[in-house]
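What follows is a short report on a single structure.
The values are calculated or read from the model by the stated rules, or taken from the named source; none is laboratory data. None of these values were measured; they are calculated from a predicted model. Cβ sites come from the backbone with ideal geometry, for glycine too, and all protein chains shown count toward neighbours. Just the protein is used for accessible areas: all its heavy atoms, side chains included, with ligands, DNA and RNA removed. Shrake-Rupley method; radii C 1.70, N 1.55, O 1.52, S 1.80 Å.
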Amino acid sequence: MKIDRRSFLSLGMGVAAGTALSPLPWKLIDDISIWTQMWPWTPVPEIGEVNYVNSTCTLCPGGCGITVRKIGDRAVKVEGKEGHPINSGGVCLLGLSGLQNLYGYDRRIKTPLKRIGNRGQGSFQKITWDEAISEVVNKLSEVRSTGQAHAVSCISGSDQGTVAQLLKRFLTAYGSPNFFTMPSMQDSYELALYLTQGIQASVAFDVENSDFVLSFGSGIVEGWGSPVRMFQASSRWREGKGKVVQIEPRLSITAAKSDKWIPIKPGTEAALALGLASVIIKESLYDKEFVENYAFGFENWKDDAGKTQIGFKQFVLEGYGPDKVAKITGIDKSTIISLARSFVRASKPLAIGGRNQGRSTSGRLNEFMAIYALNALVGNINKTGGVWSIPKPGYIKWPKVEMDDVAEKGIKEPRIDAAGSASYPYSQYLLNRVPGILNSGQENPIQVLFVAGANPIYALPNTKAVKEAFDKIPYIVGFSSYLDETAKYADIILPNHVYLERYEDIPTPVGFQKPFIGLAKPVIAPQFETKNLGDTIFLLAKGLGGTIEKAFPWDDYETCLKETLSEKWDSLEENGYWIDSSLKPADWKNAFKTASKKFEFIAAGKAKDIASLFGFSSSTLEGDEASYPLVLIPYDSMRLANGFIGDPPFVMKAVEDTVLKGKDVLIEINPETAKQLGMSEGGFAKLATPVGTAKVRVHLYDGIMPGIIALPRGLGHTAYDKFLGGKGVNFNELIGSVEDPVSGLDATWGIRAKLTKA
Amino acid sequence: MKEEHKHIKAKKYGMVIDLDKCTGCGACMVACMAENNVPFKEDETDKLLSITWLRIYKLTNGKPFPETDICYLPRPCMHCEGQHGHAPCVSVCPATVTDYDMETGIVSQIYTRCFGCRYCMAACPYHARYFNWWDPVWPEGMEKYLNPNVSPRMRGVVEKCSFCFPRYQVAKDKAMAEGRREVEEHEYQTACTQACPAGAITFGDLNNPKHAVYKLKMSPNAFRLLERLGTNPKVYYISSREWVRRSGDNYLANEVKIKKL
């Protein structure tokens, strides 16, 4: 057959039509898309047997119960533990991304490291554990033999739990009183508790039963207290079981969730609390049973010398009437009066303080005292829905340390920060004072510094001064699991296991009403050559020998923990926690251990006069108004971890683009203020404070008071990995440390600032 | 046996999110990423390129200080039913990657079938779909936490929220193994629902009067996003604030009444 044009075309068309009608093209498209996805670099996760391991999250002081899903020997997901007393199944985003801390090999320290480059440069060489231990032991013996035992000090994330107590015990046996913890609102709360009630205890808030919460800037749903517990309490209130009034200059998420947001001039919260007290007293709305029978110093009183002292009543009525407070705080007189009335009329009102997450600074004592006084006026001390004092769990009952002569001598030396001395008689740790002391002195009061569970170079105010102070310390030993800013500054690092690889007891989550211990358990075998910090302490003690070694009679940390928790261990091992649910707060007859056996408004014999405890002054802000016309305040967010742990990649991914854009942080400013400065959304600006400067971008936010600018905490890391490091600005680089005149604690809440177009 | 089978009513899985309780904390976003092997890059601040099956939007009432108000709104895939399963994305997919499952009401996404034409992304009014412009890279070590129930995707495919469908499969297998026909409400919950610390998300069968979502969706404060488009979404929101409910759809300036279609 001859192939002519006609048959060629008809054949061609036939083939085309036939192919189109057959499944071939569709099958090919499908197959091609499948074949082109079979690349060896697309991972295929291994399958295996599924099981769950219960543990406790340690990424913040919340103490949530977690359960980790495992496939074979891999941990694949962290979930909240159902039925747990703290978080009952809920979990926050930081806890959820815990495995990125475990498996984030770029941010972890894999073996003991010794510094070879300059401080902070991050050049280390790997050494063995034996070398590391013997090097630190030699250094410690050398310092001790020169009579400088007290010059060894330790910064710890907390002083609760066996690991922190072992560190403290190590210092005691070695001969140094210089143990420090990082600042938090608990410092001020516990001090207020001591001054008013004469007890050393933890403060707890019965938020689940409160029906009116007056919050002085506390980030109830932004990480304050034990975060997941607070979220659940907040949802209860949203179901109509309580009201929340939020007082702060910025519309935070907590403010947006609350029933009423009252913007206030920042730094005047204490004055407002006293103003509310004056309305309550003037209108005679206070709880008379409590105030008349169980409180001291409400009325004027006579001291031992027979001199009449002003009581709380006269003090607030004379000094803090609503007219005056309206002027100080910028809140209408009528709002103040109606707020005071609705606070009192609620059946279970509760006033809380500690701004934002309450974890970065201790806060002004007068503010906490004034808030405490409000609680006392409505008689909710140790009552359902009120503020409680909870004894710290006393399960650590180790034999007293036997001290040799060096230790005896060293421990009697005054503390570097003067905490507990005549100048600061009631404060335990004043780490905030240390950088200043180191930077001003000629001599070096610290020869060796241990840093455990803390990242002071990042998290203490005035980064520059902190670094300068660290530069003066000849030898820094880091125990971090992660290569954070402080670890990068260390001379030697003895890395701890990550929390999912180790045992540890986590007592008393912030603000929880019952004595509670959570247990962190090894979920998987250690990924690297790390050691539990408890075991590292034992090795150091063993190396030093003598009474120091004798102070630690345990074979290993696990044995120590089991023995310490004794009868509680079974419950801990089985449930992951131990709780004393039967505990009820002491009734008013027995609650107060002050000289008067009553709740003291005036802290008789402890404070000079009432004004020194409560008196409001607005002079706590660094910088002069002429050169720095704006006020810079920080804000905290669940999506930005800002303490010892830095944001893992998942959490960074959740950061809003109105907070971080590329590598630039956005500063919140009211559109009106921005207009005056000629700035528009997204524009670059130079931010200057008396302490430092930074390049930022501008985000116009109607929810912030004109004249105030706000920057998030948790950015500006210079360590960790590429997902977190080098992005944004560390708020602490822009702010100085301000000392509270009474407690000596860090009371920084903001700083004067200037914003110029860049 | 066959007769009996017919009596099992089709399910319509859906979600009710209480915006009064939602605090925008981001736990749902991260729970989703961890459950579903969602990758991450060095810079995730360009949200158009940031793969978030569930994204939280911040709404504001647009009023100046101090009348300002904000609200957070988590947006998973809406699993639109449209009319008889004609979801906007399903109608345009040339490769049957995405389909409306009549048994569960879940809009599927079969990655290996996808060749990246992105018609579905153009069709989706909720921006719930994301395209993999790059191959995902897990930094050293992090491949270890990948969930074997969810296949990691690669460059060139579209992905989206599946209402954690693999969890449904696991729950169904378990029920079958135990000789049960029905999956209990608590047995199948999405990762975001399980994680939410505020308890703002409720998940279940919208057709089943015993499930919590059934009642919640009838709240007078319940609304859905862009209802007027007729997408018939299966994610409901609850807000006691009128401005929030109003921002769920487009209204004329002088339009007063908000009425469900």
> So what J values fall out for the range A:435-452 if you push phi through Karplus, 6.51 cos²θ - 1.76 cosθ + 1.60 with θ = phi - 60°, rounded to Hz, Gly and Pro as x?
Replying inline: x, x, 5, 5, 6, 8, x, 7, 7, 9, x, 10, 9, 10, 10, 9, 10, 9
> Computed FRET efficiency, Cβ-Cβ of B:Ile110 and A:Leu285, R0 51 Å: what is it to the nearest 0.05?
Replying inline: 0.15
> Relative to the isolated chain, which residues of the range A:207-246 have their accessible area cut by 50 Å² or more in the presence of all protein chains (1.4 Å probe, heavy atoms, no ligands or nucleic acids)?
Replying inline: A:Phe231, A:Ser235
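Roll a 1.4 Å probe over the protein chains and send me the accessible area per residue for chain B in Å².
Values: 11620 Å² over 261 residues.
I get 45 Å² per residue for chain B.
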> Heavy-atom accessible area of A:Ile47 with all protein chains present, probe 1.4 Å, nearest 10 Å²?
Replying inline: 140 Å²
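So between A:Gln314 and A:Thr335, what do we pick up on full extension, going 0.36 nm a residue minus the alpha carbon distance? If you can, show how the numbers build up before the last one.
Working: separation 21, 0.36 × 21 = 7.56 nm, distance 2.25 nm.
Extra length from A:Gln314 to A:Thr335 when fully extended: 5.3 nm.
Which peptide among A:4-16, A:268-280, A:238-250 comes first, and what is the full order, when sorted by highest mean count of other Cβ atoms within 10 Å?
On the way: A:4-16: 9.6, A:268-280: 26.6, A:238-250: 20.8.
Descending mean neighbour count gives A:268-280, A:238-250, A:4-16.
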>> Could you work out [θ]222 nm for chain B from helices alone, using -39500 (n - 2.57) per DSSP H run of at least four and dividing by all its residues? Round to the nearest 500 deg cm²/dmol.
In response: -5000 deg cm²/dmol
> Farthest toward the dipole's positive end in the range B:2-246, which of B:Met142, B:His86, B:Val158, given Cβ charges of +1 (Lys, Arg) and -1 (Asp, Glu) about the Cα centre?
Replying inline: B:His86
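Which order do you get for A:Asp740, A:Asp404 if you rank them by accessible area with a 1.4 Å probe, largest at the top? Don't jump to the answer; show the numbers that get you there.
Working: A:Asp740 5, A:Asp404 40 Å².
The most accessible residue leads, giving A:Asp404, A:Asp740.
Where nothing but the Cβ of Lys and Arg (+1) and of Asp and Glu (-1) is charged, how large is the charge dipole of chain B around its Cα centre, in debye to the nearest 20? Each step should come with its number before you reach the end.
Numbers: 36 positive and 30 negative charges, 149 e Å.
Result for chain B is approximately 720 debye, rounded to the nearest 20.
Which value in deg cm²/dmol, rounded to the nearest 500, describes the helix-derived mean residue ellipticity at 222 nm for chain A, given -39,500 (n - 2.57) per DSSP H run of n ≥ 4 and division by the residue count?
Values: 28 runs with 245 residues, N = 758.
So the calculated ellipticity at 222 nm is -9000 deg cm²/dmol.
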> Is the shape of the protein assembly as shown best called rounded, prolate or oblate, per the rule: a/c under 1.5 gives rounded, else a/b larger than b/c gives prolate, else oblate, with a ≥ b ≥ c the square roots of the Cα gyration tensor eigenvalues?
Replying inline: prolate
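Is the C-alpha gyration tensor of the range B:1-160 telling us rounded, prolate or oblate? Criteria: a/c under 1.5 is rounded; beyond that, a/b larger than b/c is prolate, otherwise oblate.
Values: a/c = 1.65, a/b = 1.18, b/c = 1.40.
The shape class here is oblate.
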> Simple spin-label model, 7 Å along Cα-to-Cβ: B:Lys58 to B:Asp173 in nm?
Replying inline: 4.2 nm
> What's the average, rounded to a whole number, of partner chain beta-carbon atoms within 10 Å of each residue's beta-carbon in A:26-39?
Replying inline: 4
>> Just to be sure I understand the model, the point goes 7 Å from the Cα along the line to the Cβ. What's the resulting A:Ala20 to A:Lys126 distance in nm?
In response: 6.4 nm
> Gap in Å between the Cα centre of the range A:113-127 and the Cα centre of the range B:99-127?
Replying inline: 51 Å
>> Nearest 5 percent is fine: what portion of the DSSP beta bridges confined to the protein assembly as shown is antiparallel?
In response: 60 percent
> Assuming R0 = 22 Å, what is the FRET efficiency of A:Asn439 and A:Lys409, from their Cβ-Cβ distance, to the nearest 0.05?
Replying inline: 0.20
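Enter the mean projected area of the convex hull around the alpha-carbon atoms of the range A:315-453, in nm², rounded to one decimal.
Values: hull surface 56.2 nm².
Seen from a random direction, the Cα hull of the range A:315-453 projects 14.1 nm² on average.
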> Going by alpha carbons, how many degrees (0 to 90, nearest 10) lie between the helix axis of A:463-472 and the longest principal axis of chain A?
Replying inline: 80 degrees
> What ranking do A:57-68, A:725-736 get when scored by the average of other Cβ atoms within 10 Å per residue, highest first?
Replying inline: A:57-68, A:725-736
> According to the square roots a ≥ b ≥ c of the eigenvalues of the Cα gyration tensor, what is the shape class of the range A:630-757, taking rounded for a/c under 1.5, prolate for a/b larger than b/c otherwise, and oblate for the remainder?
Replying inline: oblate
> Considering chain B as a Gaussian network with a 10 Å cut-off on Cα pairs, which listed residue, B:Cys164, B:Cys192, B:Cys32, attains the greatest mean-square fluctuation?
Replying inline: B:Cys164
> How much area per residue is accessible in the range A:479-548 when the probe is 1.4 Å and only protein heavy atoms are counted (Å²)?
Replying inline: 21 Å²
> Restricting to the range A:630-757, what percent of DSSP beta bridges are antiparallel, rounded to 5?
Replying inline: 65 percent
>> Compute the angle between helix A:5-21 and the longest alpha-carbon principal axis of chain A, please, reported from 0 to 90 degrees and rounded to the nearest 10.
In response: 30 degrees
>> In the range B:28-45, what residues drop by 40 Å² or more of accessible area when the other protein chains are put back, versus the chain on its own? Use 1.4 Å, and skip ligands and nucleic acids.
In response: B:Val30, B:Met33, B:Ala34, B:Phe40, B:Glu42, B:Thr45
> Helix A:162-174 versus the longest principal axis of chain A: what is the Cα-based angle in degrees, 0 to 90, to the nearest 10?
Replying inline: 60 degrees
> What spacing in nm lies between the two simple spin-label points modelled at A:Lys110 and A:Asp304, each 7 Å away from Cα in the Cβ direction?
Replying inline: 6.5 nm
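Roll a 1.4 angstrom probe over the protein heavy atoms and tell me the percent of accessible area of the protein assembly as shown that is carbon or sulfur.
Values: 21200 of 39810 Å².
About 53 percent, which is the carbon plus sulfur part of the accessible surface.
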>> Give me the extension gain from A:Thr42 to A:Ile199: residue separation times 0.36 nm, minus the current Cα-Cα distance, reported in nm with one decimal.
In response: 50.5 nm
>> Could you tell me the relative contact order of chain A? Use alpha-carbon pairs under 8 Å, at least six residues apart, and round to a whole percent.
In response: 18 percent
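What length, rounded to one decimal in nm, is gained on full extension from B:Asn207 through to B:Glu184, with 0.36 nm per residue of separation minus their alpha-carbon distance?
On the way: separation 23, 0.36 × 23 = 8.28 nm, distance 1.36 nm.
Using 0.36 nm per residue and subtracting the Cα-Cα distance, I get 6.9 nm.
Before anything else, pin down the relative contact order of the range A:1-137: Cα pairs under 8 Å, at least 6 apart, normalised by residue count, whole percent. It would help to have the intermediate numbers written out before the result.
Values: 139 pairs, mean separation 14.7, N = 137.
It rounds to 11 percent for the range A:1-137.
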>> What is the distance in Å between the Cα centroid of the range A:611-686 and that of the range A:362-382?
In response: 28 Å
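Ignoring ligands, DNA and RNA, how much accessible area is buried between chains A and B, both sides summed, with a 1.4 Å probe, to the nearest 100 Å²? Working shown, then result.
Working: alone 31130 and 14490 Å², together 39810 Å².
Buried area between the two chains comes out at roughly 5800 Å².
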>> Residues of the range B:179-218 that become at least 20 Å² less accessible with every protein chain present than in their own chain isolated, using 1.4 Å: which are they?
In response: B:Gln194, B:Ala195, B:Pro197, B:Ala198
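Hey, got the average number of other protein chain Cβ atoms within 10 angstrom for residues in A:639-645? Let's see the in-between values first.
On the way: counts 7, 1, 0, 0, 0, 0, 0.
Mean number of neighbouring Cβ atoms from other chains: 1.
If you count, for every residue in A:89-102, the Cβ atoms of partner chains within 10 Å of its Cβ, what is the mean?
Numbers: counts 5, 7, 7, 7, 11, 4, 5, 13, 6, 2, 5, 9, 0, 4.
That average works out to 6.
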>> Please list, by residue number, everything in the range B:117-133 whose backbone N is under 11 Å from a paramagnetic label point 7 Å out along Cα→Cβ of B:His86.
In response: none
> All other residues with a Cβ under 14 Å from the Cβ of A:Thr254 taken together, and with Lys, Arg as +1 and Asp, Glu as -1, what is their net charge?
Replying inline: +1
> Of B:Thr60, B:Thr52, B:Thr23, which is the most mobile in a GNM of chain B whose springs link Cα atoms less than 10 angstrom apart?
Replying inline: B:Thr60
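Can you compute the charge dipole magnitude of the protein assembly as shown about its Cα centre, using +1 on each Lys and Arg Cβ and -1 on each Asp and Glu Cβ, nothing else charged? Give it in debye, rounded to the nearest 20.
On the way: 120 positive and 112 negative charges, 532 e Å.
For this selection, approximately 2560 debye.
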